[in-house]
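See below for the structure under consideration.
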């Protein structure tokens with residue numbers, strides 16, 4: 001066979017010049033991938049700010065709307081739930097941004113992580129200790145929870161489940177996704193809506209003495225609106241007759257049994273856990289142990305994670321290892337309550353007594369408020 005230069009050129013091994021070009025191309029490609037990854041890691045913090053900005057705008061437009069709770073609510077608090085949830089706004093943004101940065105590489109490499117609808121929700125109650133409970137639970141490695149209150153089932157339901165899902169943090173297989181919105185417990189449409197999403201959703205309610213809760217509610221409002229009427233005048237329809245005004249949300253929320261009746265139309269008692277707000281302060285490790293058991297999680301968060309702050313009056317979080325300074329909830333927590341006329345307090349206690357006893361029977365737990 002004759003020698004053919006053409007055939008020889010077809011089988012020639014790539015020259016060193018071509019190899020060098022391929023090597024440079026691979027390096028450039030790697031650099032571009034790294035730059036894209038860095039941009040994704042940086043931009044992942046933006047939705048927190050954007051969502052809060054949009055949420056604040058929407059909440060401002062809803063100032064005149066009232067909660068859809070039992071009966072018409074004469075609610076001078078307007079959207080105080082939102083104000084309370086934003087009390088530690090920038091701390092939360094920084095914390096969530098850091099969490100996103102810490103998890104960016106693992107999320108980039110592990111495509112099994114995804115955003116899921118919550119399997120458990122802290123549904124109430126306002127001023128019961130929901131923020132403390134959420135922060136305690138976020139220490140658990142198997143829990144991923146959104147810090148801000150989505151208000152999906154009471155205010156944003158028309159936006160759809162995919163909008164709701166996008167608010168959730170990414171989680172991997174075996175991790176539990178959670179959120180908390182305290183106004184869910186008293187909003188009449190919410191039980192059916194959560195049931196429609198998933199009838200297996202686990203629900204957590206943080207409750208405390210309804211009289212103390214009402215005063216705390218009022219205290220929060222007064223810190224924002226110093227010129228509001230006195231607690232005493234808001235409590236009664238007619239102070240001389242001693243008739244309690246149940247249309248005031250601060251009073252209405254504490255009628256726990258009345259609200260619970262709606263939830264039990266859709267969910268069995270085994271799917272609801274009632275956490276004592278008082279015990280979250282006096283024995284946080286014990287209450288958190290109950291919550292972890294209820295959620296089917298390992299008891300990772302224990303007494304070694306808590307440090308009681310006598311100045312604040314409630315527990316702060318600490319790292320079990322090292323000597324780092326304990327982390328307390330924001331300055332909006334632990335406000336000093338105003339002095340309320342003792343006769344008004346007693347009349348409120350008498351008013352709540354039948355509701356409390358019914359609540360004890362329904363939950364199978366005596367919270368000792370009477």
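We did not get these values from a lab; they are worked out from the coordinates using the rules stated. Model, not experiment: these values are computed from the prediction. Quick reminder, even Gly has a Cβ in these numbers, built from the backbone with ideal geometry, and neighbours come from all protein chains shown.
Brief remarks follow.
- Relative to one another, the C-alpha centroids of region 153-219 and region 220-280 are positioned 17 Å apart.
- Note on residue 303/residue 245: beta-carbon distance plugged into 1/(1 + (r/R0)^6) with R0 of 30 Å gives a FRET efficiency of 0.10.
- Region 173-288, relative contact order in percent, only Cα pairs under 8 angstrom and at least six apart counted: 37 percent
- Under 17 Å from a label point set 7 Å out along the Cα-to-Cβ vector of residue 119, the amide N atoms of region 186-222 belong to 197-204.
- As a rough footprinting exposure proxy, the listed residues 123, 215, 244 were ranked by other beta carbons within 10 Å of their own, and the order from fewest upward is 244, 215, 123.
- Computed from the C-beta positions of residue 161 and residue 285 and an R0 of 35 Å, the FRET efficiency is 0.50 to the nearest 0.05.
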